[in-house]
Amino acid sequence: MSTEGKTRPVTTHRLVEMKQRGEKITMLTAYDYSTARIMDEAGMDVILVGDSAANVMAGFNSTLPITLDHMIYHAQSVVRAVKRALVVVDLPFGTYQGNSKEALASAVRIMTETEANAIKLEGGVEIIESVQRILSAGIPIMGHLGLTPQSINKFGTYSVRAKEEAEAEKLLRDAQLLEKTGCFGVVVEKIPAALGTKVAQSLEIPVISIGAGGGCDGQVLVVHDMLGITNEFSPRFLRRYADLYGVMTDAFTHYIEDVKSGDFPNDEEQY
Ligand code: KIV
């Protein structure tokens, strides 16, 4: 990447240009200042303040319990750290599905209270009125199709989605509708790679994969999973780039030993 490319802020338009020239888009989740700062300085294109914060930050079993206030707190922490990446924030469950007025009010709170760049929401035709209303206020939207964790109670499992033709066709139609309505990108989660490629090829906006294969325009992972902080979650699509569970366990164990034995602090570590 050129020096200019490393410092010029990423915009939704630049993401479309990246797709046009075949440059893959990098995206990870972050929920706090320190992680977002490292990620941004490393050159990440998009940082997603995901509602997966409910799982990895708060320990809930699903993404449903996280609130708009919680998401705003996480997004504010991330935005303070970021100089270059595009910051996208998930609208949490229950803040946009009911009616489009409420959806706009939720999106406006995210944009005004956090100064993030865009929002993401889950679903296709079912939420299109909300999408239209938010977009008409000038707020950029990223869609999210396939495995949509906010609907886990409807589907019952986190298994691969859209394996059957009817569901695959609906997913493609939803993706095309989101593009036509004005979304700047779509995340597709846990669908067959061939379908991921088909969706990416049939849209002009970037299609970002999490478990949707290498034919998409970019990839996203949950940061705790790719750093190996979580060790109980091992779907096939996850590549772990570190074993922070092991590194942190070693550090905590040594600290406990050192304090118990009186080794820490030593003479140089006190005043
Ligand atoms: O909340 C999240 O982390 C997400 C990603 C899985 C795309 O939506």
- Note on the structure: Mean 1/r over distinct Cα pairs of the chain, inverted to a Kirkwood Rh in Å, yields 19.5
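Could you size up the charge dipole of segment 158-271 around its Cα centre, putting +1 on the beta carbon of Lys and Arg and -1 on that of Asp and Glu, and report it in debye to the nearest 20? Walk me through the intermediate numbers first.
Working: 11 positive and 19 negative charges, 196 e Å.
Here the size comes out at about 940 debye.
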- Task: Please give the peptides 52-65, 23-36 ranked by average Cβ packing (other Cβ atoms within 10 Å per residue), highest first, as a rough proxy for protection.
- Result: 23-36, 52-65
- Query: Which of E165, E189, E115 moves most in a GNM of the chain, Cα contacts under 10 Å?
  - Reply: E165
- Query: Residue farthest toward the positive end of the dipole of the chain, with Cβ of Lys/Arg at +1 and Asp/Glu at -1: which of I205, A42, V56?
  - Reply: I205
- If you project the alpha carbons of segment 55-169 onto their three principal axes, what span does each projection cover, largest first, in Å? 42, 34, 27
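Among the chymotrypsin sites (Phe, Trp or Tyr not before Pro) within segment 157-234, which fall in a DSSP loop and have no more than 16 other Cβ atoms within 10 Å of their own Cβ? Each step should come with its number before you reach the end.
On the way: sites: Y158, F184, F233; in loops: Y158, F184, F233.
Of the chymotrypsin sites (Phe, Trp or Tyr not before Pro), the ones in loops of segment 157-234 whose Cβ has at most 16 other Cβ atoms within 10 Å are Y158, F233.
What does the net charge come to around L68 if you take all other residues with beta carbon closer than 12 Å to its beta carbon, with K and R at +1 and D and E at -1? Numbers along the way, then the final one.
Values: positive: R109; negative: D51, D69, D90, E102, E113.
That works out to -4.
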- Query: Non-local amide H neighbours of G146 (under 5 Å, H modeled in plane, Pro and chain starts lacking H): which ones?
  - Reply: E189
- For segment 61-194, averaging the sequence separation of alpha carbon pairs under 8 Å that lie six or more residues apart and dividing by its residue count, the contact order in percent is 23
- Where Lys and Arg each count +1 and Asp and Glu each count -1, what net charge lies around V160 among other residues with Cβ under 12 Å from its Cβ? +1
- Which angle between 0 and 90 degrees, to the nearest 10, do you get for helix 165-181 versus the longest principal axis of the chain when only C-alpha atoms count? 90
- Output the peptides 250-257, 70-77, 107-114, 94-101 sorted from most to least packed, where packing is the average of other Cβ atoms within 10 Å over each peptide's residues. 70-77, 107-114, 94-101, 250-257
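Count the net charge of all other residues whose Cβ sits under 10 Å from the Cβ of E122, scoring Lys and Arg as +1 and Asp and Glu as -1. Write out the running numbers ahead of the final one.
Details: positive: K120; negative: D51, D90, E126, E189.
After counting each charged neighbour, the total is -3.
So how strong a dipole does the chain carry about its Cα centre when Lys and Arg Cβ are +1 and Asp and Glu Cβ are -1, to the nearest 20 debye? Walk me through the numbers on the way to the answer.
Details: 26 positive and 35 negative charges, 229 e Å.
In total the dipole reaches around 1100 debye.
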- Task: Amide H neighbours of K120 under 5 Å, at least 5 residues apart or on other chains, H built in the peptide plane: list them.
- Result: V89, D90, L91, M142
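No value in this document is a laboratory result; all are computed from the given coordinates. All values derive from a computational prediction rather than experimental measurement. Note that each Cβ is placed from the backbone with ideal geometry, even for glycine, and that neighbours are counted across all protein chains shown.
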